[in-house]
Amino acid sequence: MKRKVVIVGWLVAMSLSSAAAEEFYFVSKSGRKHGPFTLADGATVVLEGRSYRLQRVAGGASTEDAARRQKVTAKLKRIVIPQVDFRQAHVSDVVEFLRKASVERDPEKTGVNIVLKIGPRPPPKGLDDPFSEARDWLNNPPLITFTARQLSLYDTLQLIGQVSNLEIRIMSWGVLVTRPERSKASQ
């Protein structure tokens, strides 16, 4: 049973790893080292004479995916917007402004893909109450109001997520701005 726990722990660690391959040791309670092991999909781990092939956990991001997300994040942090001043702005207008600003402020002039996805979804809890905040939020996405200077695109997006209760997801292809998952939205 202990071996299963160790291997499951290893697979979880593998799914959370960065893009670069890293070496690790398993260390027993007595201090005996096993390894080094290279963290990579398909690598073979030998423990106490038994071989195990590491396989990425279903749904886990590939190392290529993680590397692309890191590049997107780095670009978001490099692009600085001199000033933003949103007053009761609809989220679609804010996203369009950031899309254009990302191209203008990017030295490569390619910008960052920013996609807004707030369309229909399963109704949140409380929708049967005509006065609930959930019903209001579904029909009228929040308006965004804030002013800031010299913020990176990354920090600007994080702020937008906070003031609008939208989720900002950095993807391998750009940024997805979306409603939070139902369980998060109902908290």
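The values are calculated or read from the model by the stated rules, or taken from the named source; none is laboratory data. None of these values were measured; they are calculated from a predicted model. Glycine also receives a Cβ, built like all others from the backbone with ideal geometry; neighbour counts cover every protein chain displayed.
Identify, by number, the condition in (1) over 24 Å from V175 (Cβ atoms); (2) at pLDDT 75 or above that R87 doesn't meet.
Every listed condition holds for R87 apart from (1).
So for segment 115-132 (the condition being closer than 19 Å to Q70 by Cα and modelled with pLDDT of 85 or more), does at least one residue qualify?
yes
Within segment 83-92, how many residues turn out to be of a type outside the set (S, T, Y) and in a helix (DSSP H, G or I)?
1
Being polar (S, T, N, Q), modelled with pLDDT of 90 or more and more than 14 Å from I81 (Cα to Cα) is the filter here; which residues of segment 137-161 pass it?
Residue satisfying the conditions is T145 alone.
Identify all residues within segment 39-53 that are surrounded by 13 or more Cβ atoms within 10 Å (Cβ to Cβ) and either assigned to a strand (DSSP E or B) or modelled with pLDDT of 70 or more (or both); write none if there are none. Full working, then the answer.
Here is the first cut: in segment 39-53, the residues surrounded by 13 or more Cβ atoms within 10 Å (Cβ to Cβ) are 39-41, 43, 45, 47, 52.
Of everything in segment 39-53, those that are surrounded by 13 or more Cβ atoms within 10 Å (Cβ to Cβ) and either assigned to a strand (DSSP E or B) or modelled with pLDDT of 70 or more (or both) turn out to be A43, V45, L47, Y52.
For the list (1) surrounded by 14 or more Cβ atoms within 10 Å (Cβ to Cβ); (2) at pLDDT 90 or above; (3) touching a helix residue (DSSP H, G or I) at 6+ places or on another chain (Cβ under 9 Å); (4) under 23 Å from D85 (Cβ atoms), I need the number of the one condition that S164 fails.
Against the list (1) surrounded by 14 or more Cβ atoms within 10 Å (Cβ to Cβ); (2) at pLDDT 90 or above; (3) touching a helix residue (DSSP H, G or I) at 6+ places or on another chain (Cβ under 9 Å); (4) under 23 Å from D85 (Cβ atoms), S164 comes up short only on (2).
I need every pair where a residue in segment 46-70 that is assigned by TED's automatic domain parsing to the domain that holds V112 has its Cβ under 7 Å from the Cβ of a residue that is at pLDDT 75 or above and assigned to a strand (DSSP E or B), sequence separation at least 6 or different chains.
R69/I170
Yes/no per residue for (1) closer than 30 Å to I160 by Cα; (2) in a loop (DSSP other than H, G, I, E, B); (3) at pLDDT below 80:
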{"position": "F24", "(1), (2), (3)": "no, no, yes"}
{"position": "G31", "(1), (2), (3)": "no, yes, yes"}
{"position": "F37", "(1), (2), (3)": "no, no, yes"}
{"position": "E64", "(1), (2), (3)": "yes, no, no"}
{"position": "K75", "(1), (2), (3)": "yes, no, no"}
{"position": "I81", "(1), (2), (3)": "yes, no, no"}
